[in-house]
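Asker: I have a structure I would like to understand better, so I am pasting it below and will then ask my questions one at a time.
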Amino acid sequence: MSERSLSRRLRDRAEAALVAALAAFCRRLPPRATVRFGERLGGAVRHLDRRRRHVALANLELAYGAALTAAQRDAIARGVYRHLGRYFFECLMLFSHKDLRPFSSFVEFENLEVGRAALEQHGAVIIITPHQGNWELLGGALCERVTPLDVVVMPTRNPRLNERILALRADLGMTAIGREHAVPALFRSLRRGRSVGLLCDLNQKNGPDFADFFGVPAATVRTPGILAVRTGKPLVCVASWSTGEPLRYRAAFAPPIVPTAGADPDVEAHRIVVEMNRQLEAFVRAHPDQWNWIHPRWKTRPQR
């Protein structure tokens with residue numbers, strides 16, 4: 001075994017042990033105290049995470065320009081770290097406390113009929129959600145209140161932690177699809193009448209479709225548009241946001257994005273991706289301190 005391989009395995013074990021210890025910690029504290037601890041820990045991480053903090057501030061300046069002062073951008077970035085700490089410990093609680101069921105009891109939907117009507121009309125839908133609020137809990141609530149979901153799983157670097165994430169999503173009612181050969185699997189799911197769930201607000205390095213996000217072209221995954229055009233199934237964007245209380249969220253659906261029959265496939269797929277980004281942007285603008293600004297969303301740029 002190489003020194004690098006041994007070092008990686010030791011690091012993976014240490015990370016898994018830390019997460020296990022934090023999960024045990026969650027089991028001993030009431031939910032409110034656990035979540036508040038997570039928020040404070042997230043705030044502390046902000047001071048240490050200089051690189052991602054700078055990414056968040058640069059993203060906010062690019063997205064909002066002069067509409068926000070430096071102090072306002074910094075306040076949003078502080079809120080992001082506090083929220084990510086809350087999100088992490090809420091996920092640990094969901095994994096550790098089996099009495100926290102049903103998941104939909106923690107999410108209040110504003111217009112649940114939108115998602116249900118799209119499902120009834122088309123038999124299956126393509127659910128799109130951003131990294132906002134608690135997207136894992138939202139997935140569980142959607143499985144209970146709207147439709148079971150087949151979701152693409154992006155594996156983490158640490159295989160031990162990856163097992164925990166897969167177990168959580170299975171417990172939430174979601175069926176995992178591996179990243180490799182994910183697109184054919186998504187087509188099969190939709191054609192069998194099974195809805196699929198995708199997180200589509202990250203920078204897409206390979207073969208992106210550039211669509212505006214906060215008025216700036218953003219490298220966006222083309223898969224949702226292609227799936228919609230080829231299967232005739234609509235995109236339904238939905239997002240959640242914390243009410244401030246532990247494991248208490250609200251969620252809302254945007255109007256379904258229905259593919260136009262007979263349209264040019266490439267043009268129509270691009271239209272759908274553009275509209276998807278517009279709807280996701282509206283969710284983020286409503287609750288900017290709960291979106292993943294520390295991700296380099298605009299890193300990949302169009303070729304000149």
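The values are calculated or read from the model by the stated rules, or taken from the named source; none is laboratory data. In this text the structure is predicted, and so the values were computed from the model without any measurement. Every residue, glycine as well, gets a Cβ built from its backbone with ideal geometry; the counts of neighbours run over all protein chains shown.
Asker: State the number of residues belonging to the range 113-133 that are in contact with a strand residue (DSSP E or B) (Cβ under 6 Å, 6 or more places away or on another chain) and on the phi > 0 side of the Ramachandran plot.
Answerer: Residues that pass the stated criteria total 1.
Asker: Hey, another quick one. Within the set of pairs 6 or more residues apart or between chains, which connect a residue that is hydroxyl-bearing (S, T, Y) inside the range 148-177 to a residue that is at pLDDT 80 or above and part of a strand (DSSP E or B) with Cβ atoms less than 9 Å apart?
Answerer: Pairs that qualify, where the first residue is hydroxyl-bearing (S, T, Y) and the partner is at pLDDT 80 or above and part of a strand (DSSP E or B), are T175/L149; T175/D150; T175/V151.
Asker: Can you tell me which residue in the range 23-44 is modelled with the highest pLDDT, limited to those that are aliphatic (A, V, I, L, M), in a helix (DSSP H, G or I) and surrounded by fewer than 16 Cβ atoms within 10 Å (Cβ to Cβ)?
Answerer: So the residue we want is A44.
Asker: Would you check which residues across the range 138-151 are buried (at least 18 other Cβ atoms within 10 Å of the Cβ) and in contact with a helix residue (DSSP H, G or I) (Cβ under 6 Å, 6 or more places away or on another chain) and list them?
Answerer: G140, A141, V146, T147, L149, D150
Asker: Take the residues in the range 57-73 that are within 24 Å of the chain's Cα centre (by Cα) and small (G, A, S), then tell me which one is surrounded by the fewest Cβ atoms within 10 Å (Cβ to Cβ).
Answerer: For the range 57-73, the residue satisfying everything is A58.
Asker: Sort out which residues of the range 179-199 are within 18 Å of the chain's Cα centre (by Cα), of a type outside the set (G, A, S) and either surrounded by 17 or more Cβ atoms within 10 Å (Cβ to Cβ) or in a strand (DSSP E or B) (or both), and write them in order of number.
Answerer: If the condition is that a residue be within 18 Å of the chain's Cα centre (by Cα), of a type outside the set (G, A, S) and either surrounded by 17 or more Cβ atoms within 10 Å (Cβ to Cβ) or in a strand (DSSP E or B) (or both), then L186, V196, L198, L199 are the ones that fit.
Asker: Among all residue pairs at least 6 apart or on different chains, which show Cβ distances below 6 Å where the first residue, located in the range 212-225, is within 10 Å of W298 (Cα to Cα) and the second is of a type in the set (V, I, T) and modelled with pLDDT of 95 or more?
Answerer: From the range 212-225, the pairs are A219/T300; T220/V273.
Asker: May I pose another question? For the subset of the range 234-269 comprising residues that are of a type outside the set (G, A, S) and over 21 Å from the mean Cα position of the chain (by Cα), which member is nearest to V114 (Cα to Cα)?
Answerer: Out of the qualifying residues, it is V258.
Asker: In addition: Could you say whether any residue in the range 160-169 is within 19 Å of A239 (Cα to Cα), touching a strand residue (DSSP E or B) at 6+ places or on another chain (Cβ under 9 Å) and surrounded by 16 or more Cβ atoms within 10 Å (Cβ to Cβ)?
Answerer: Within the range 160-169 (the criterion being within 19 Å of A239 (Cα to Cα), touching a strand residue (DSSP E or B) at 6+ places or on another chain (Cβ under 9 Å) and surrounded by 16 or more Cβ atoms within 10 Å (Cβ to Cβ)), the answer is yes, since at least one residue qualifies.
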